[in-house]
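Have a look at the structure below before the remarks.
Each value in this text was obtained by applying a stated rule to the coordinates, not by laboratory testing. Just so we're clear, the structure is a prediction, and the values are computed from it rather than from any experiment. Backbone-built Cβ (ideal geometry, glycine too); neighbour counts: all protein chains shown.
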Amino acid sequence: MNSGKFVLKKISLSDDEFNKLRSLVFKVSGISLADTKKELVISRFSRRVKGLKLNSFSEYYNLLVSPSGFTEVQNFINSITTNKTDFFRESHHFDFIISNFIPEILAKGKKPVRIWSAACSTGEEPYTIAMVMHRHLVEPYSIPVKIFASDIDTNALKTASAGVYDSQTISPIPEHYLKRYFLRGKDNNKGLFKIKNEIREMVTFKKLNFIAEEYPITNTFDIIFCRNVIIYFNAETKKLVISKILRFLNEGGYLMMGHSETLFNIIDGLVYLKNTIYQKHFLDKFGRN
Ligand SMILES: C[S@@+](CC[C@H](N)C(=O)[O-])C[C@H]1O[C@@H](n2cnc3c(N)ncnc32)[C@H](O)[C@@H]1O
């Protein structure tokens, strides 16, 4: 009996195809895929192969490396990234901002404050930073805060830029933040929540690939969030990316890493404070760490 469901034929992936595709993933994004990730590659790229009406992963690979496949490379990257994120994820970082960073800024009288959410995914991280900074610094002390948020994944950036989330996604947001900083959708938009303009305007979104030669950044930052992304890189790429990122961190600025990411033995010039929070050394009068 026909159940009415279409079961799409699974496309097989040979070891040779897997190796070619994962080398290309590494080349264009720095993401390292272990030998155990064959199923992941099948599930992430099958939709592209079918959508493009191709017959095999070899055809897909050949398209990607051909001159006419240039535009497909971004879809290829968007398909392999893992965008898991949450509002108020690893909230000890926001507690640190309130109890340590903001009092320091008030003492220094520094303005504007600049923060980089590197690997911002669908926007939950930069909007959490913006809401916390608005509540504790912008509104009470009129100190402007500018947040630069970047990611390699253009689909994630589109979602981030729109700033509209469903009820499941907004569930970690404390009630007073939700009330103050979100608009509730009505009629056709019932069940959706849109970030208010005063928060949206604090954030600039841009595509940035960590392994690119040049970063499209002209400022330096007081805090950089680089959370839950270097886990996808090998040791060499981790070191390269962190040292590049650190060039954009002010002396005495803070680097927030994800819960399973330690930088011990990776990089000089950083002091480990606590809870995956690092601080960049102050330079001495000769410009040394
Ligand atoms: C698991 S999410 C982490 C999101 C957020 N930082 C958090 O901790 O909740 C990892 C993000 O890193 C991004 N990413 C992966 N490789 C990247 C690269 N080479 N350059 C920039 N972003 C990258 C992915 O697109 C994805 O959105």
Problem - Within-12-Å neighbourhood charge of Ser171 [Cβ basis; K, R +1; D, E -1] - result: -4
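Given contacts defined as C-alpha pairs under 8 Å and at least six residues apart, what's the relative contact order of the range 92-280, whole-number percent?
On the way: 285 pairs, mean separation 39.6, N = 189.
Relative contact order here is 21 percent.
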Practice task
Could you state the angle between the C-alpha long axis of helix 124-133 and the longest principal axis of the C-alpha atoms of the chain, as a value from 0 to 90 degrees rounded to the nearest 10?
Solution key: 10
Handout entry: J(HN,Hα) series, the range 94-109, from Karplus relation 6.51 cos²θ - 1.76 cosθ + 1.60, nearest Hz, glycine and proline x
Key = 6, 4, 5, 4, 5, 8, 10, 5, 4, x, 5, 5, 5, 5, 7, x
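Taking neighbour counts of Cβ atoms within 10 Å as a proxy for exposure, in what order, fewest first, do Glu124, Glu72, Glu251 appear? Can you show the working numbers first?
On the way: Glu124 23, Glu72 15, Glu251 12.
The order, fewest Cβ neighbours first, is Glu251, Glu72, Glu124.
Based only on other Cβ atoms within 10 Å, what is the fewest-to-most ordering of Ser29, Ser260?
Numbers: Ser29 21, Ser260 9.
By the 10 Å Cβ count, ascending, the order reads Ser260, Ser29.
For Arg89, what is the net charge nearby, where nearby means another residue's Cβ is under 14 Å from its Cβ and Lys, Arg count +1, Asp, Glu -1? Working shown, then result.
Values: positive: Lys84, Arg227; negative: Asp86, Glu90, Asp95, Glu124, Glu125, Glu261.
The answer is -4.
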Handout entry: Estimated [θ] at 222 nm from DSSP helical runs (n ≥ 4, -39500 (n - 2.57)) normalised by residues in the chain, nearest 500
Key = -10000 deg cm²/dmol
Problem - Tensor-based shape of the chain (alpha-carbon gyration tensor, a/c under 1.5 rounded, otherwise prolate or oblate) - result: oblate
Handout entry: DSSP beta bridge pairing in the chain, given as percent antiparallel to the nearest 5
Key = 40
Handout entry: Tilt relative to the chain, helix 38-51 - C-alpha long axis, 0 to 90 degrees, to 10
Key = 70
Exercise for the section: Quick one: order Thr159, Thr71, Thr82 by neighbouring beta-carbon count within 10 Å, fewest to most. Expected result: Thr71, Thr82, Thr159
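Could you compute the net charge surrounding Leu63? Neighbours are other residues with a C-beta less than 14 Å from the C-beta of Leu63; K and R count +1, D and E count -1.
Working: positive: Lys20, Arg48, Lys50, Lys53; negative: Glu17, Glu59, Glu72.
Net local charge, Leu63 excluded: +1.
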Handout entry: Simple Cβ-charge dipole of the chain, Lys/Arg +1 and Asp/Glu -1, about Cα centre, in debye nearest 20
Key = 580
Practice task
Quickly work out the Glu214-to-Ser243 label distance, labels modelled 7 Å from Cα along the C-beta direction, and quote it in nm with one decimal.
Solution key: 2.1
Handout entry: Debye, to nearest 20: dipole size of the range 112-206, +1 on Lys, Arg Cβ, -1 on Asp, Glu Cβ
Key = 260
Problem - Cα-based helix-to-principal-axis angle, 235-246 vs the chain, degrees rounded to 10 - result: 40
Handout entry: Amide H contacts of Leu192 (H built 1.01 Å from N, under 5 Å, at least 5 apart or other chain)
Key = Gly185
Exercise for the section: For the chain, set up a Gaussian network in which alpha carbons nearer than 10 Å are linked by springs, and say which option among Leu240, Leu273, Leu157 fluctuates the most. Expected result: Leu273
Handout entry: Other-chain or far-sequence residues with amide H under 5 Å of Gly253's (modelled H)
Key = Lys280
